[in-house]
1. If a residue has to be away from the ligand (no atom under 15 Å from the Cβ) and touching a residue at least 12 places away in the same chain (Cβ under 8 Å) to count, how many in region 151-167 make the cut?
2. Only residues that are within 15 Å of Phe244 (Cα to Cα) and either surrounded by fewer than 22 Cβ atoms within 10 Å (Cβ to Cβ) or not assigned by the TED database to the domain that holds Glu242 (or both): list them for region 181-204, please.
3. For residues in region 353-402 being buried (at least 18 other Cβ atoms within 10 Å of the Cβ) and among the basic types (Lys, Arg), which is farthest from Ile316 (Cα to Cα)?
4. Determine, yes or no, whether Ala246 is assigned to a helix (DSSP H, G or I), in contact (Cβ under 8 Å) with a residue 60 or more places away in the chain, at negative phi and of a type in the set (A, V, I, L, M, F, W, C).
5. Kindly evaluate Gly378 against the criterion of being free of Cβ contacts under 8 Å to residues at least 40 places away in the same chain and in contact with a Pro (Cβ under 9 Å, 6 or more places away or on another chain).
6. Mind telling me which of the residues Gly134, Gly144 ends up being surrounded by fewer than 21 Cβ atoms within 10 Å (Cβ to Cβ), touching a Ser or Thr at 6+ places or on another chain (Cβ under 6 Å) and farther than 16 Å from Leu210 by Cβ?
7. So which residues in region 251-260 are within 9 Å of the ligand (Cβ to nearest atom) and either surrounded by 24 or more Cβ atoms within 10 Å (Cβ to Cβ) or basic (Lys, Arg) (or both), if there are any at all?
8. Starting from residues that are in contact with a helix residue (DSSP H, G or I) (Cβ under 8 Å, 6 or more places away or on another chain) and more than 13 Å from the ligand (Cβ to nearest atom), keep the ones in region 176-190 and report whichever is nearest to Leu374 (Cα to Cα).
Amino acid sequence: MSFFTGIPVAPPIEVFHMNKLFMDETSPDKVNLTIGAYRTEEGKPWVLPVVREAERQIAADETLNHEYLPVLGLDAFCKAATGLLLGNDNKAIQEGRAIGVQCLSGTGSLRMGAEFLSRVMGLKTAYLSNPTWGNHKLVFKVAGFETIKEYTYWDPANRAVNIEQMIADLQQAPEKSVVVLHGCAHNPTGMDPTHDEWKRIAQVIKDRHLFTFFDIAYQGFASGDPDSDAWPIRYFLDQGLEMFVAQSFAKNFGLYNERVGNLTVVFNDKSAIAGFSSQMSLVVRANWSNPPAHGARVVAKVLGDPELRKSWHEAIKTMSDRIKQMRAALRSNLEALGTPGKWDHITKMIGLFSYTGLTPEQVDHLVKKHKVFLLSDGRINICGLNTKNVEYVAKAIDETVR
Ligand code: PMP
């Protein structure tokens, strides 16, 4: 008998579970379209050359030490991250109304933001996209949100954003609800609102007195251009909306396991910063007290040095271009096979993921028969494709949907 006897076994985290099934699979044909990480044409993880270079410089810098960072993080990193997000010439930065808090990757930024809103501001209702990233609900729930609702996002028949229903759902949201929006490259659908649609979303948020919490885990990685990926966030700011933004540097710097993230907060009145920072310090203090330095130093160095920054731009272009090529290859293979259904959505979507429209039964068949591993909602990681396996995957999908 143990103190812990009887703990119910929780369901597995699907994405990691499927990844493990892939690892354990012995078939030489197996293809991994599960986990959201970049892979090269050879199917390998990629350390960005510019990250290696920054790491070399950091390792050689004997002025650096392992003292604690400030509770709210490495100042150079927070400023660089906030500048990347808003644009260094942004009014909010120039007027001192924006602040960055270094957090443990995108997840930690969401969690700190959610905890602040729930515990310090007393906000208890959050609206999440349906569908959304598998972790949003858990993060907001554990952070103290009592009512977690969904707004419609997806129109499965047309494989497009269901903007009318999304606006209608937000129109019903009680005042001061927190609305979580994907800044770019919506996960899992891969489909973002158009600029005109974003304008309507901003309007309803303003009219209904809702609070905007952007989650941007793919800035630069989606289109290849960090500025255009941040357009919705900058547009919302131009409309005078205050916001929290959770930024992740996992994908766009390939720093997955370094847990580098930033919570950017923009106020309409800079006098709010003193109260915010002092209360946020307590929220962070109760969680991890001080953030880790290595990844933050890398990002700060790269974004702060014009030469390194240029190399980073080249690297994100390389990654986003390869994704676009693989989208085109999958679509053209499916179309060449005459696979039933329409496949143009694959090239319309952006970022790492595509929502294929495959049903859970079809996914099960793909996994069991063809050893093509993907999530049960039909989401695939496009990076798992390469010129050697894309035809195999297309044939497997073809056989599955017929
Ligand atoms: N938000 C979304 C929408 C994501 O897809 C991810 C990564 N899968 C994250 C946040 C955060 O990931 P991380 O904590 O690794 O930065």
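1. Our first condition is that a residue be away from the ligand (no atom under 15 Å from the Cβ); within region 151-167, this holds for 151-152, 155-167.
Add one more test, that the residue is touching a residue at least 12 places away in the same chain (Cβ under 8 Å), and what stays is 151-152, 156, 159-161, 163, 165-167.
Here the count works out to 10.
2. The one that is within 15 Å of Phe244 (Cα to Cα) and either surrounded by fewer than 22 Cβ atoms within 10 Å (Cβ to Cβ) or not assigned by the TED database to the domain that holds Glu242 (or both): Ala202.
3. Of everything passing the filter in region 353-402, Lys371 is farthest from Ile316 (Cα to Cα).
4. Working: assigned to a helix (DSSP H, G or I): no; in contact (Cβ under 8 Å) with a residue 60 or more places away in the chain: yes; at negative phi: yes; of a type in the set (A, V, I, L, M, F, W, C): yes.
Taking the combined requirement at face value, the residue does not satisfy it.
5. Numbers: free of Cβ contacts under 8 Å to residues at least 40 places away in the same chain: yes; in contact with a Pro (Cβ under 9 Å, 6 or more places away or on another chain): yes.
Yes, satisfied.
6. Numbers: Gly134 fails: touching a Ser or Thr at 6+ places or on another chain (Cβ under 6 Å).
Going through Gly134, Gly144 in turn, just one is surrounded by fewer than 21 Cβ atoms within 10 Å (Cβ to Cβ), touching a Ser or Thr at 6+ places or on another chain (Cβ under 6 Å) and farther than 16 Å from Leu210 by Cβ: Gly144.
7. Hits for region 251-260 are Lys251, Arg259, Val260.
8. Within region 176-190, the match that is nearest to Leu374 (Cα to Cα) is Val179.
The values are calculated or read from the model by the stated rules, or taken from the named source; none is laboratory data. Quick caveat: nothing in here was measured; it's all calculated off a predicted structure. All Cβ positions, glycine included, derive from the backbone under ideal geometry; neighbour counts span all protein chains shown.
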